[in-house]
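Undergrad: This is the structure I want to talk about, given as structure tokens.
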Amino acid sequence: MEYVKANCPHCGKELQIPQDAEQIVCMYCAKPIRVATVLQTQAEAKQDGQQTGENYESLMKQAETLLNDDLFLAQNNIYSLKQNNYEKFFQDYEQSFRPALHAYSLAATEGSDAADRFAHVLFERFLKSLKQEGVKKESDPRFFDFRYLIVAYTIPAIMEYHTPAAEELADRFLAVWNEHYPKNKLGKSTFDQISNGFRKKLCFITTAVCTSLGKGDDCEELNAFRSFRDNWLAKTPEGQAKIREYYLFAPMIVNRIDQSERKERIYQAIWESSLAPCLEKIRCGENEACAKQYEQMVRELEEHWLS
């Protein structure tokens, strides 16, 4: 039996495919693959790109053409997004994005600048959507909706492709965004990280800090913050918006801190400078003051760690 190298049309992973098989299942994404179709596509791509390099340009153009406008719109499901429907919303977005990512991944095997080029294409499409929505300032609440879209859907969808080319694309896009918006930086996120954020919400950072300090999940401090979140902060639209931001960005912040050799000292500093004072305000009934201090803490952590 003879084998040839080919990329899975669903996840892009390189496979060793038996030439005489009719259909196989990808060992990475478990999706069915018609061998003849994959081999024919690969042969055509190779033929088109021989000597001239035209295949690379063709694939890059195809990747851009396959980008649906809806991928760049802050749609209504952002506002109704919850733990129990995030997976469904994400799967719909990821499936819409996948054809373009597949074309890009093929192009990336033939051109070293594919990630940088496609990252700029994605960024320009987001800029176009921002302009169409009339968003001119970063202080516009709708600007956060686009940041939310990128962190909860766009970057996780790219990362879900599980290839070095996808990882590079995510890094390059974030570098372009962060250079353009240094006061509203974004970090790399995965589907699992966002899902965890939904579960812990406001207490994601607090949980990480308390864990580092040796406090249990049912400790007095965490219960106080949970009560503050559920019984006061979540009672207003403004508070609900803040919680949405916290559970979106907090997992990325914690992930970056956990990679530091100084994480224990960092968490200790967060406790002393922000969380302990917040807790004291909660105990004194100064909920609004606590909310402001917690928000300031998250902003500072975002600016420092999401770069």
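The values are calculated or read from the model by the stated rules, or taken from the named source; none is laboratory data. Small disclaimer: the values here were computed from a predicted structure and weren't measured. Please note: Cβ atoms are built from the backbone with ideal geometry, for glycine as well, and neighbour counts cover all protein chains shown.
Undergrad: Give me the pairs: first residue in the stretch 57-76 and touching a residue at least 12 places away in the same chain (Cβ under 8 Å) and in the same structural domain as residue 133 (by TED's automatic domain parsing), second residue polar (S, T, N, Q) and surrounded by 14 or more Cβ atoms within 10 Å (Cβ to Cβ), beta-carbon distance under 6 Å, and six or more apart or on different chains, which are they?
TA: From residues that are touching a residue at least 12 places away in the same chain (Cβ under 8 Å) and in the same structural domain as residue 133 (by TED's automatic domain parsing), the pairs are 68/96; 72/129; 73/129.
Okay, residues lined up against (1) modelled with pLDDT under 90; (2) of a type outside the set (Asp, Glu); (3) buried (at least 18 other Cβ atoms within 10 Å of the Cβ); (4) in the same structural domain as residue 91 (by TED's automatic domain parsing):
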site	(1), (2), (3), (4)
154	no, yes, yes, yes
157	no, yes, yes, yes
161	yes, yes, yes, yes
167	no, no, no, yes
172	no, yes, yes, yes
183	yes, yes, no, yes
195	yes, yes, no, no
209	no, yes, yes, no
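Undergrad: OK, next. Report every pair of residues separated by at least 6 positions or lying on different chains whose Cβ atoms are under 9 Å apart, first residue within the stretch 100-120 and free of Cβ contacts under 8 Å to residues at least 40 places away in the same chain, second not charged (D, E, K, R).
TA: Pairs that qualify, where the first residue is free of Cβ contacts under 8 Å to residues at least 40 places away in the same chain and the partner is not charged (D, E, K, R), are 100/62; 100/63; 100/65; 100/66; 100/67; 100/68; 100/71; 100/118.
Undergrad: Further, regarding this structure: State all residues of the stretch 219-238 that are among the charged types (D, E, K, R), at pLDDT 85 or above and surrounded by fewer than 18 Cβ atoms within 10 Å (Cβ to Cβ); if no residue qualifies, say none. Show your work before the answer.
TA: Our first condition is that a residue be among the charged types (D, E, K, R); within the stretch 219-238, this holds for 220-221, 226, 229-230, 235, 238.
Within this subset, residues satisfying the condition of being at pLDDT 85 or above are 220-221, 226, 229-230, 235.
Correct list: 220, 226, 230, 235.
Undergrad: Just give me the residues in the stretch 263-292 being surrounded by fewer than 13 Cβ atoms within 10 Å (Cβ to Cβ) and not in a helix (DSSP H, G or I), in sequence order.
TA: If the condition is that a residue be surrounded by fewer than 13 Cβ atoms within 10 Å (Cβ to Cβ) and not in a helix (DSSP H, G or I), then 284, 285 are the ones that fit.
Undergrad: Still on this structure, I have one more. Sort out which residues of the stretch 297-307 are part of a helix (DSSP H, G or I) and in contact with a helix residue (DSSP H, G or I) (Cβ under 8 Å, 6 or more places away or on another chain), and write them in order of number. Don't jump to the end; show me each part of the working.
TA: Going through the stretch 297-307, the residues part of a helix (DSSP H, G or I) turn out to be 297-305.
If the condition is that a residue be part of a helix (DSSP H, G or I) and in contact with a helix residue (DSSP H, G or I) (Cβ under 8 Å, 6 or more places away or on another chain), then 297, 298, 301, 302, 305 are the ones that fit.
Undergrad: Given the criteria touching a Pro at 6+ places or on another chain (Cβ under 6 Å) and in a loop (DSSP other than H, G, I, E, B), does residue 189 qualify? Don't jump to the end; show me each part of the working.
TA: Details: touching a Pro at 6+ places or on another chain (Cβ under 6 Å): yes; in a loop (DSSP other than H, G, I, E, B): yes.
For residue 189, the condition - touching a Pro at 6+ places or on another chain (Cβ under 6 Å) and in a loop (DSSP other than H, G, I, E, B) - is met.
Undergrad: Looking at residue 241 and the list (1) modelled with pLDDT under 90; (2) part of a loop (DSSP other than H, G, I, E, B); (3) not basic (Lys, Arg), which single condition is not satisfied?
TA: Residue 241 satisfies every listed condition except (2).
Condition check ((1) under 24 Å from residue 238 (Cβ atoms); (2) among the β-branched types (Val, Ile, Thr); (3) at pLDDT 95 or above) across all residues:
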residue: 260; (1), (2), (3): no, no, no
residue: 263; (1), (2), (3): no, no, no
residue: 290; (1), (2), (3): yes, no, no
residue: 293; (1), (2), (3): yes, no, no
residue: 298; (1), (2), (3): yes, yes, no
residue: 306; (1), (2), (3): yes, no, no
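Undergrad: Let me ask another. Kindly list, by first and then second residue, each pair from a residue in the stretch 153-165 that is acidic (Asp, Glu) to a residue that is modelled with pLDDT under 90 and part of a helix (DSSP H, G or I), limited to pairs with Cβ atoms under 9 Å and residues at least 6 apart or on different chains.
TA: 160/90; 160/191
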